[in-house]
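Below is one structure, written out as structure tokens, with a few remarks after it.
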Amino acid sequence: MINYENVKAMWLSQFDMWSIYCKDGQQRPKEEFIPLVETVFDRLVDTGINTAIIQTRPNADSMYPSKYYTMSKYVVGAYGREANYDPLRIIINEAHKRNISIHAWINPLRCMAEEEIKSVSEDFAIGKWYNDKDINGKMIVQVGRNFYLDPAYEEVRNLIVDGASELLDLYDVDGLHMDDYFYPTTDESFDSFSYGKYVKEGGELSLADFRRESLDKLVSSLYSMTKSKNEKLWFGISPAGVISQVLDKHYANVVKWCSEDGFIDYICPQVYFGIEHPTCPFMKLCDDWQAMVTNKNVRLIIGMTLGKAYAEKDEYAKDASDEWKNNKDVMYRCLDYARNLKLYAGVAYFCYQYFYDSVTGEEKPNTQKEREKLIPLLKSI
């Protein structure tokens, strides 16, 4: 088991890895895949990273052969195909060779789009539920382009927990990681069936509290399952950076999870804002999250992104939208502030493609000046 008291993590998303997994619309040959993965982890070592958060379930699919979820299009090119080899096992082996901790990252509720879900076999719950007119619109609900699972149903929670349990049984990962895709909408129609049944049976919670309780059940189940495998395994969650949004729009009760036992080992808020942001300045958000973590068993890891440095703009920051263009040390100053927080236990960066080219491993010129200041500090702490 490899985990670090001072976490220096990077997210490896499906979009970072897609061109490594696939070539010409097919799973890349194994003999080509391995050296590309070696390059990724060599770059992480060069950057001072000691933990990789690898996407394993982006859309109710799987980056490895699973009995619960269909193979992901990001690995095999299209839904409905089988894998020629197991890429996740290679990834974990290469990470551990370099003493890099691996946390398996799942999106528990988000599914694929309708044109994709149609090709999912009924051997998998997602395909079966989509094709069942009595379940489609209840346990699995379309919001915009994608379908989402309703966690109010025990069957849904069981599927998510069983899939995560399979991951921990099959692979020598060091932790389980869940990101910010909770409820996809505030629209009451999303879970009108589950909530209507709850009220009819005498339930008195508001819809918002009903949703928060459903996520509480899911999170506590994932935590208990993780600890049943090995007490040393970590289970963490990475919510959006603004607490009010997380509580009132995503219905994730982070206050409870950060104050009570039995939910998480770490919280990794996505503080994806600049220092000059007019409503969500980086330092204030860090302070807000630190104030909320009152359970001494919950670690605080600050999530940051190099995406705005890459784009040189934050279109939502109004008068501060050019902060990333006018300053090339924003990430350095953010890390310098975060590392001095009393509860600081680490940092996580989104994501690899803003640092390096996924296939070649070459440095991205857009973020060169930021990285030149950031990486020496990251490696020194």
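The values are calculated or read from the model by the stated rules, or taken from the named source; none is laboratory data. As the structure is a computational prediction, the values presented were derived from the model and not from experiment. Neighbour counts are summed over all protein chains in view; Cβ atoms, including those assigned to glycine, are modelled from backbone coordinates with ideal geometry.
General observations
- Residue check, Thr51 within 21 Å of Cys351 (Cα to Cα), assigned by TED's automatic domain parsing to the domain that holds Asp24 and either buried (at least 18 other Cβ atoms within 10 Å of the Cβ) or without any contact (Cβ under 8 Å) to a residue 24 or more places away in the chain (or both): yes
- Residue ID - nearest to Pro29 (Cα to Cα), chosen from residues in region 85-103 that are basic (Lys, Arg) and assigned to a helix (DSSP H, G or I): Arg89
- On the stretch given as region 110-141, residues that are in a strand (DSSP E or B) and in contact with a strand residue (DSSP E or B) (Cβ under 8 Å, 6 or more places away or on another chain) total 6.
- Screening the candidates Asp86, Asp134 for the property of being over 19 Å from the mean Cα position of the chain (by Cα) and not assigned by TED's automatic domain parsing to the domain that holds Asp191 yields one hit, Asp134.
- Tyr354 buried (at least 19 other Cβ atoms within 10 Å of the Cβ), in the same structural domain as Leu36 (by TED's automatic domain parsing), modelled with pLDDT of 95 or more and not in a strand (DSSP E or B): yes
- For the residues Asp261, Asp314, Asp319, the requirement of being modelled with pLDDT under 95, assigned to a loop (DSSP other than H, G, I, E, B) and more than 23 Å from Ser101 (Cα to Cα) singles out Asp314.
- Count of residues meeting criterion [of a type in the set (S, T, N, Q) and either closer than 12 Å to Pro87 by Cβ or assigned to a strand (DSSP E or B) (or both)] in region 40-74: 6
- Selected residue (only one of Tyr349, Tyr356 is within 15 Å of Val45 (Cα to Cα) and touching an Asp or Glu at 6+ places or on another chain (Cβ under 7 Å)): Tyr356
- Hey, Leu218 in contact with a helix residue (DSSP H, G or I) (Cβ under 6 Å, 6 or more places away or on another chain) and either in a loop (DSSP other than H, G, I, E, B) or within 30 Å of Leu170 (Cα to Cα) (or both) or not: yes
- Residue match in region 164-175 (condition: outside any helix (DSSP H, G or I) and among the acidic types (Asp, Glu)): yes
- Qualifying residue in region 265-283 (condition: crowded, with 23+ Cβ neighbours inside 10 Å, among the aliphatic types (A, V, I, L, M) and either on the phi > 0 side of the Ramachandran plot or at pLDDT 95 or above (or both)): yes
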